[in-house]
1. Do we find a residue being of a type in the set (Asp, Glu) and either in contact (Cβ under 8 Å) with a residue 24 or more places away in the chain or in contact with a Phe, Trp or Tyr (Cβ under 7 Å, 6 or more places away or on another chain) (or both) anywhere in the stretch B:74-94?
2. Let me confirm something: among B:69, B:78, which residue is in a loop (DSSP other than H, G, I, E, B), touching a Gly at 6+ places or on another chain (Cβ under 7 Å) and over 19 Å from residue B:101 (Cβ atoms)?
3. Write out, first by first residue and then by second, each pair whose Cβ atoms fall under 8 Å of each other, whose residues are 6+ apart or on separate chains, and whose first residue, in the stretch B:3-24, is farther than 20 Å from residue A:42 by Cβ while the second is surrounded by fewer than 17 Cβ atoms within 10 Å (Cβ to Cβ) and among the aliphatic types (A, V, I, L, M).
4. Kindly indicate whether residue B:56 is away from every other protein chain (no Cβ under 11 Å), farther than 25 Å from residue A:38 by Cβ and touching a residue at least 24 places away in the same chain (Cβ under 8 Å).
5. Look through B:100, B:90 and report the one residue that is out of contact with any Leu (no Cβ under 8 Å at 6 or more places or on another chain), surrounded by 20 or more Cβ atoms within 10 Å (Cβ to Cβ) and within 14 Å of chain A (Cβ to nearest Cβ).
6. Of all strands (runs of 3 or more DSSP E) completely enclosed by the stretch A:51-100, which ones contain at least 3 residues that are of a type in the set (Ser, Thr, Tyr)?
7. Among the residues of the stretch B:22-42, what is the count of those that are surrounded by 18 or more Cβ atoms within 10 Å (Cβ to Cβ) and either within 15 Å of residue B:83 (Cβ to Cβ) or away from every other protein chain (no Cβ under 11 Å) (or both)?
8. Here is a list of conditions, (1) surrounded by 12 or more Cβ atoms within 10 Å (Cβ to Cβ); (2) without any contact (Cβ under 8 Å) to a residue 40 or more places away in the chain; (3) more than 14 Å from chain A (Cβ to nearest Cβ), and residue B:67 meets all of them except one; can you say which number that is?
Amino acid sequence: DAGITQSPRHKVTETGTPVTLRCHQTENHRYMYWYRQDPGHGLRLIHYSYGVKDTDKGEVSDGYSVSRSKTEDFLLTLESATSSQTSVYFCAISGGPGDSYNSPLHFGNGTRLTVT
Amino acid sequence: GEDVEQSLFLSVREGDSSVINCTYTDSSSTYLYWYKQEPGAGLQLLTYIFSNMDMKQDQRLTVLLNKKDKHLSLRIADTQTGDSAIYFCGRSSQGNLIFGKGTKLSVKP
């Protein structure tokens, strides 16, 4: 799992509540990503980070925000959860020492979020 | 059409070869990847190929790249029941990956 820990692994929350998912890495990789995985859609990029305090939007960023105050932590926040955000969320990292810009991504084991 | 396309299902018998195909639209990608996902787990990098290569072999895995046709394939020799999983094709794009929807490989004993 390339030193990536996602927490929590499972969460059930109610519509309208804020939710924060955490991704922690021990690899000192530069790039970190949040994807969501849904049946029929595969994996879609939500947000990514290319360094501390440097983030950018992905394909499906509406309703999500991120923060990266330290190299090792990348937080994904759902400001007001909706049922359409029920999904499995994966964190990924890349860009270790010596890696190129397009080096492979390594994934965490995912967080299963259910919004009721 | 989709940026990266894969067939959704493939069923093979144990011991046979499996070939999973992928097509993509953008030829500017530097790397193309194959990932494996087992139930309840994240994506595991299987192999990748640089865009100026035609073939890469790694034990039971063979990757073929036809850049002209924008076609990538993954061949698994002597497929085992433990190979049952979803396989994702991905292409590099400006620092992140764009994935296909995955091919579910079922291996029958």
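Readers should treat all values here as calculations from the given coordinates under stated rules, not as data from a laboratory. Note that the structure is predicted; figures quoted are calculated from it, not measured. Cβ atoms come from the backbone with ideal geometry, glycine included; neighbour counts cover every protein chain shown.
1. The first filter runs over the stretch B:74-94 and keeps only residues of a type in the set (Asp, Glu), leaving B:78, B:83.
After this cut, where a residue has to be either in contact (Cβ under 8 Å) with a residue 24 or more places away in the chain or in contact with a Phe, Trp or Tyr (Cβ under 7 Å, 6 or more places away or on another chain) (or both) as well, the list is B:78, B:83.
Checked the stretch B:74-94: at least one residue is of a type in the set (Asp, Glu) and either in contact (Cβ under 8 Å) with a residue 24 or more places away in the chain or in contact with a Phe, Trp or Tyr (Cβ under 7 Å, 6 or more places away or on another chain) (or both).
2. Details: B:69 fails: touching a Gly at 6+ places or on another chain (Cβ under 7 Å).
Selected residue: B:78, the only one of B:69, B:78 that is in a loop (DSSP other than H, G, I, E, B), touching a Gly at 6+ places or on another chain (Cβ under 7 Å) and over 19 Å from residue B:101 (Cβ atoms).
3. Filtered contacts from the stretch B:3-24: B:17/B:77.
4. Working: away from every other protein chain (no Cβ under 11 Å): yes; farther than 25 Å from residue A:38 by Cβ: yes; touching a residue at least 24 places away in the same chain (Cβ under 8 Å): no.
So residue B:56 fails the test.
5. Values: B:90 fails: out of contact with any Leu (no Cβ under 8 Å at 6 or more places or on another chain).
Residue meeting the stated conditions: B:100.
6. Details: elements: A:54-57, A:64-70, A:73-78, A:87-94.
By residue number, A:64-70, A:87-94.
7. Looking only at that region, the number is 7.
8. (2)
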